[in-house]
Every structure is written in structure tokens, then in C-alpha cells.
Amino acid sequence: MLTILFDGIAYGMLLFVLAVGLAVTMGLMNFINLAHGAFAMTGGYITVLLMQRLDVPFLVCLPLAFAGTALLGAVLERTLYRPLYRKPHLDQVLFSIGLVFMAVAAVDYYVGSTQQIMQLPQWLKGRTEIGSLGMGHYRLFIIAVCAALTVALQFVLARTRFGSRLRASVDDQRVAAGMGINVNLVFLSTFAFGSGLAGLGGALGAEVLGLDPSFPLKFMIYFLIVVAVGGTSSITGPLLAALLLGVADVAGKYYIPKMGAFIVYSLMIVILLWKPNGLFVRQGGKA
């Protein structure tokens, strides 16, 4: 039981890092970016290809996956996404879905459709047993990295000048610009950072979730569940939602393998009936 809980927490923390960028773009930037999973896939492929073809160490690949995906996000935000910020949400959905299928086709053509194998460092392959609790070293590593990122992200959004400028830009772009805030730069930085987090999550999750061209389509629904259940007005909501989803998914697949997905969706429906705007909604704000 403790091992299942541990694995569920590790899975949930990974889902949080993968989905938090989507929560930021939807909640703070009011943009529905369903191509978020494509950025996660990009980070995974950067890591796998660097390790396979250039023998780059795993720990070096992680920041490279973040930086490469953030750079890609910045370029796409400036060239493709920015004109759509004030478009209807349906236009945003159709545009981002189109990007997903383009990314899937491009990866399938250039890299191939086979699932990629990532060889972890030896020190991450072991397992520690403490009584009835079995802890895989890699899952312990995922929890530590994701916990550190969560604290850092919460601090940046709540306690720094950049976080204040971002909230001001979202609340009223004209007023923010009148106060000397470069709204376009704030949005560019936010989108790039969210994309980089997705890439880092894809790099961390390549070994746990598997990596192939269909990755964005397979896990899109999980990202949306995390954002819908947790709400988009804070970091705490998506974190709690990801942990609940991770534990429910792992426990469901272990105890009732044929109904694992049913349990996850049932939990989502119950929570949304109870809290239609998500678990955490900012007072006076929108989810």
C-alpha cells in the first residue's frame, strides 16, 4: 500500500510539472494551448536523442531540454501564438490542435514511430526497501526535482516583481502598459517558461510514461484534467489535482486493472460537480 502511494505521488508530481505550464497559459494568459503536450514531447526527444547519439549525461540533458523547449516556445509565441491572444477560444483550440498533429507527423517522419528507450544512469536504477515501502531511486529523484520546481514557481509568481507584473498584465493590459510594463515581453517570458517546464517534464517522464510520436495525444486528457480539477488561479490547485490523479491512477491500475481509467474519470466528475471552477479559485477572480 505504501509503495503504491509513493509511486502515485511520484506520478502525480510528474504530471504537475507537465501540466503546470498549461495552467499558467490558461489561467494567467487566458489562452487555451492544447499543443502543450507537443512541447513536452519535444523535451523528451531532446533528452533521448542527446543521450543516444551524442552520449550527453542525463543530468546535463535536463537543463538542455528545458532551455531548448523554452526557446522553441518563445519563437512560436512571437510568430504564431501572439496574434491569437484576442481571438475566440475556439480559434485557439483549433490552432493548437493543428500544431499537435503537425508535431506528431514531423516526429514520426524524422525520428520514427517506435517507442524510444532511455538508459538512466546506474545510480537512478536502484530501489530502496524500508519495511513495506519500496522506493525506486528514479521516482524519488522525480519527487525531489518536482518539489523543488513547485516551491520555486510558487515563489516567482507570488513574491517577485515579475509575478506582480504578470498578474497586472493579465488583469488589464492597457493599464499595465501605461505603468511602464512591457506586456509583450512578460507574456513572451511566461509562455517560454511554461513551455520549458513542459519540456523538462517530458524529459523526466520519458522513462516512466514512454515516448513516441503519439505522446501529445495520449496525455492531453491528463493535462486537461489536472487543469480543470485544480483550477487555473493558483499553483496549489493543479498540484493537488495532479497528486490526486496520480494516486488514483496508480492505485486503480494496481487493484482494478480493467477499471483504472474509469476511476480517474469518475473522480474528476465528482470533484467538478462539487467544485465546478476547480479546487482552488482566487477570491474575486476567475478560474
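The values are calculated or read from the model by the stated rules, or taken from the named source; none is laboratory data. Because the structure is a prediction, the values reported are computed rather than measured. Positions of Cβ are generated from backbone atoms using ideal geometry, with glycine treated the same way; all protein chains shown enter the neighbour counts.
The residue pairs whose first member lies in the stretch 93-113 and is under 24 Å from residue 48 (Cβ atoms) and free of Cβ contacts under 8 Å to residues at least 60 places away in the same chain, whose second member is hydrophobic (A, V, I, L, M, F, W, C) and not in a loop (DSSP other than H, G, I, E, B), and whose beta carbons are closer than 9 Å, counting only pairs six or more residues apart or on different chains, are 101/217; 102/38. The residues listed here are 46, 32; of these, the one that is buried (at least 17 other Cβ atoms within 10 Å of the Cβ), among the β-branched types (Val, Ile, Thr) and assigned to a helix (DSSP H, G or I) is 46. For the stretch 143-194, the set of residues classified as of a type in the set (S, T, N, Q) and farther than 17 Å from residue 19 by Cβ consists of 160, 164, 169, 173, 182, 184, 189, listed by residue number. Entry remark, the stretch 250-263: residues being farther than 18 Å from residue 1 by Cα and touching a residue at least 24 places away in the same chain (Cβ under 8 Å) number 0 in total.
Rundown of residues vs (1) surrounded by fewer than 23 Cβ atoms within 10 Å (Cβ to Cβ); (2) among the hydroxyl-bearing types (Ser, Thr, Tyr), yes/no style:
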residue: 177; (1), (2): yes, no
residue: 189; (1), (2): yes, yes
residue: 194; (1), (2): no, no
residue: 199; (1), (2): no, no
residue: 202; (1), (2): no, no
residue: 206; (1), (2): no, no
residue: 236; (1), (2): yes, yes
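Within the stretch 110-123, is even one residue of a type in the set (A, V, I, L, M, F, W, C), in a helix (DSSP H, G or I), out of contact with any strand residue (DSSP E or B) (no Cβ under 8 Å at 6 or more places or on another chain) and at pLDDT below 85? No, the conditions are met nowhere in the stretch 110-123. Please go through the stretch 258-287 and give me each residue that is of a type in the set (S, T, N, Q), at pLDDT 65 or above and within 14 Å of residue 231 (Cα to Cα), ordered by number. 277 - this is the single residue of the stretch 258-287 that is of a type in the set (S, T, N, Q), at pLDDT 65 or above and within 14 Å of residue 231 (Cα to Cα).
Residue-by-condition table, conditions (1) surrounded by 13 or more Cβ atoms within 10 Å (Cβ to Cβ); (2) within 17 Å of the chain's Cα centre (by Cα):
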| residue | (1), (2) |
| --- | --- |
| 50 | yes, no |
| 57 | no, no |
| 62 | yes, yes |
| 74 | yes, yes |
| 79 | no, no |
| 89 | no, no |
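Flag not set for residue 244, criterion: in contact with a Cys (Cβ under 8 Å, 6 or more places away or on another chain) and either without any contact (Cβ under 8 Å) to a residue 12 or more places away in the chain or under 24 Å from residue 144 (Cα atoms) (or both). Every listed requirement among (1) surrounded by 12 or more Cβ atoms within 10 Å (Cβ to Cβ); (2) not in a strand (DSSP E or B) is met by residue 135 save one, (2). In the stretch 25-44, the residues that are at positive phi and among the aromatic types (Phe, Trp, Tyr) never reach a residue that is part of a helix (DSSP H, G or I) and at pLDDT 90 or above with C-beta atoms less than 7 angstrom apart, at least six apart or across chains.
When restricted to residues that are crowded, with 19+ Cβ neighbours inside 10 Å and assigned to a helix (DSSP H, G or I), the stretch 208-219 contains 4.
Taking the condition of being in contact (Cβ under 8 Å) with a residue 12 or more places away in the chain and of a type in the set (Val, Ile, Thr), how many residues in the stretch 129-165 meet it? The qualifying residues number 4. Every condition in (1) modelled with pLDDT of 90 or more; (2) in a loop (DSSP other than H, G, I, E, B) is met by residue 62 except one, and the failing one is (2). Entry remark, the stretch 149-186: residues being outside any helix (DSSP H, G or I), farther than 23 Å from residue 201 by Cβ and either of a type in the set (S, T, N, Q) or under 24 Å from the mean Cα position of the chain (by Cα) (or both) number 1 in total.
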